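K.L.:
Mind having a look at this structure? Questions to follow.
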């Protein structure tokens, strides 16, 4: 699908979608249980992939109050208020078929560790983009724990073949490639017989995403202890040298249900849109922004540092942002990789340089987001300097105008470019915009309700 975005003024209130990161973990945690309800989930292409995996392991996922059945994903409407999950109680069955993770890296990594618990062989695959993403460190860790875990092509990429069962043990894994490897081991380790001790061989990047996991596991009654180099316990993932996960635990949320919070990765686009295009003297308001462990809440401080007035009522869960002349900043995204496209888009509109540092790991997402943002913003007239671990957007040297840009089959690239289009002369065409369905299915509807001048074409052949 192509979308055509013309410079616009925005006004009103938008509601943040539920968190994709929490929804993935909640669906799988409910699968590890003997049954639970996931309230306020994000139902999207990615989370449907996790629902399919839960079903493949012998569970089921369906809208609360409906009949269960089918493939556990296709029948779930995007506006489902709650999902009833029948779990496999910590012991996944061997799937009848290959598990298709589609474009969801979170699904593949979390489900690979779950597959290791099954007493038999599971095969996992995905689309072309997912089959190019690294899985090797997780496969090596599972192999060290006594599981057969292989890439069919021998390159550490899907399709993957995993043969269990995983009993537990001690394992070492790098922390600077993907925090999802750590999350996968922690979630599966809790239901092993022996438990799992995880040692990090490199510094943990994206630590807030592991904090999301720790927070959710605690809500499901599962104990995990981060430890420092001296072996002492920590309050969170930051600075952890490893994690201790006792075995034989049971997933059981209080009251049998878990509520998903709003998603700050998605809030970043709404907040940025307000900073560059809110109507004069009319703050754009964002509902559903309650505090949680999400590191991407850092976008609130970043937008404010760039010069936009921001008021976050944490108790009410509402953010108000005003349009302003923005100035460049320097941001380290080691812990917040998903914010890079949003910050880059803001940097193109701002005066001065916006430097995004510690971002090499952002090259291994749905696409190389560092190069993608540099190249696509360049089509709009932005001047950028790309380094292996940094991206600098030279706002003062940029002469922005409408152009045809490619969303790179990446939801975050498509949304970030659409935000930049709000502030430039002329019309910008974003190709592949249908991919916003991965994390924010109603993005363009929400933006149109706020006043975005947007036209949509049919799907691209």
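K.L.:
Which condition number in (1) under 30 Å from residue 420 (Cα atoms); (2) crowded, with 17+ Cβ neighbours inside 10 Å is the one that residue 78 fails?
P.N.:
Condition (2) is where residue 78 drops out.
K.L.:
Just a yes or no: is a residue in the range 31-39 within 18 Å of the chain's Cα centre (by Cα), surrounded by 20 or more Cβ atoms within 10 Å (Cβ to Cβ) and over 26 Å from residue 406 (Cα atoms)?
P.N.:
Residues of the range 31-39 that are within 18 Å of the chain's Cα centre (by Cα), as a first pass: 38.
With surrounded by 20 or more Cβ atoms within 10 Å (Cβ to Cβ) added as a condition, the list becomes 38.
Next cut, over 26 Å from residue 406 (Cα atoms) only: 38.
So far as the range 31-39 goes, yes, one or more of its residues are within 18 Å of the chain's Cα centre (by Cα), surrounded by 20 or more Cβ atoms within 10 Å (Cβ to Cβ) and over 26 Å from residue 406 (Cα atoms).
K.L.:
Just a yes or no: is a residue in the range 47-55 within 24 Å of residue 448 (Cβ to Cβ), surrounded by fewer than 24 Cβ atoms within 10 Å (Cβ to Cβ) and touching a helix residue (DSSP H, G or I) at 6+ places or on another chain (Cβ under 8 Å)? It would help to see each step written out before you state the result.
P.N.:
From the range 47-55, those within 24 Å of residue 448 (Cβ to Cβ) are 47; that's our starting set.
Add one more test, that the residue is surrounded by fewer than 24 Cβ atoms within 10 Å (Cβ to Cβ), and what stays is none.
No, every residue in the range 47-55 fails to be within 24 Å of residue 448 (Cβ to Cβ), surrounded by fewer than 24 Cβ atoms within 10 Å (Cβ to Cβ) and touching a helix residue (DSSP H, G or I) at 6+ places or on another chain (Cβ under 8 Å).
K.L.:
Sort through 251, 258 and tell me the only one that's part of a loop (DSSP other than H, G, I, E, B), closer than 24 Å to residue 85 by Cβ, touching a residue at least 60 places away in the same chain (Cβ under 8 Å) and in contact with a strand residue (DSSP E or B) (Cβ under 8 Å, 6 or more places away or on another chain). Break it down into steps so the answer makes sense when it comes.
P.N.:
Numbers: 258 fails: part of a loop (DSSP other than H, G, I, E, B).
After applying the criteria, what remains is 251.
K.L.:
State whether the residues of the range 193-207 include one that is more than 15 Å from residue 241 (Cβ to Cβ) and either free of Cβ contacts under 8 Å to residues at least 12 places away in the same chain or assigned to a helix (DSSP H, G or I) (or both).
P.N.:
There is no residue in the range 193-207 that is more than 15 Å from residue 241 (Cβ to Cβ) and either free of Cβ contacts under 8 Å to residues at least 12 places away in the same chain or assigned to a helix (DSSP H, G or I) (or both).
K.L.:
Got a sec? Which of 141, 184 is in the same structural domain as residue 129 (by TED's automatic domain parsing), closer than 15 Å to residue 243 by Cα, over 17 Å from the mean Cα position of the chain (by Cα) and in a helix (DSSP H, G or I)? Talk me through it step by step, then tell me what you get.
P.N.:
Working: 184 fails: over 17 Å from the mean Cα position of the chain (by Cα).
So the residue among 141, 184 that is in the same structural domain as residue 129 (by TED's automatic domain parsing), closer than 15 Å to residue 243 by Cα, over 17 Å from the mean Cα position of the chain (by Cα) and in a helix (DSSP H, G or I) is 141.
K.L.:
Looking at 371, 398, which is the one that is in the same structural domain as residue 421 (by TED's automatic domain parsing) and within 30 Å of residue 204 (Cα to Cα)? First the steps, then the outcome.
P.N.:
Values: 398 fails: within 30 Å of residue 204 (Cα to Cα).
Selected residue: 371, the only one of 371, 398 that is in the same structural domain as residue 421 (by TED's automatic domain parsing) and within 30 Å of residue 204 (Cα to Cα).
K.L.:
Taking the options 111, 123, 54, name whichever one is more than 21 Å from residue 39 (Cβ to Cβ), touching a strand residue (DSSP E or B) at 6+ places or on another chain (Cβ under 9 Å), modelled with pLDDT of 95 or more and not in a strand (DSSP E or B).
P.N.:
Only one candidate qualifies: 111.
K.L.:
Do you know which residues across the range 314-327 are surrounded by 21 or more Cβ atoms within 10 Å (Cβ to Cβ) and under 17 Å from residue 351 (Cβ atoms)? Spell out the reasoning first.
P.N.:
Filtering the range 314-327 for residues surrounded by 21 or more Cβ atoms within 10 Å (Cβ to Cβ) gives 319, 321, 323, 326.
Within the range 314-327, 323, 326 qualify.
The values are calculated or read from the model by the stated rules, or taken from the named source; none is laboratory data. Keep in mind the model is a prediction, meaning the values are calculated, not measured. Positions of Cβ are generated from backbone atoms using ideal geometry, with glycine treated the same way; all protein chains shown enter the neighbour counts.
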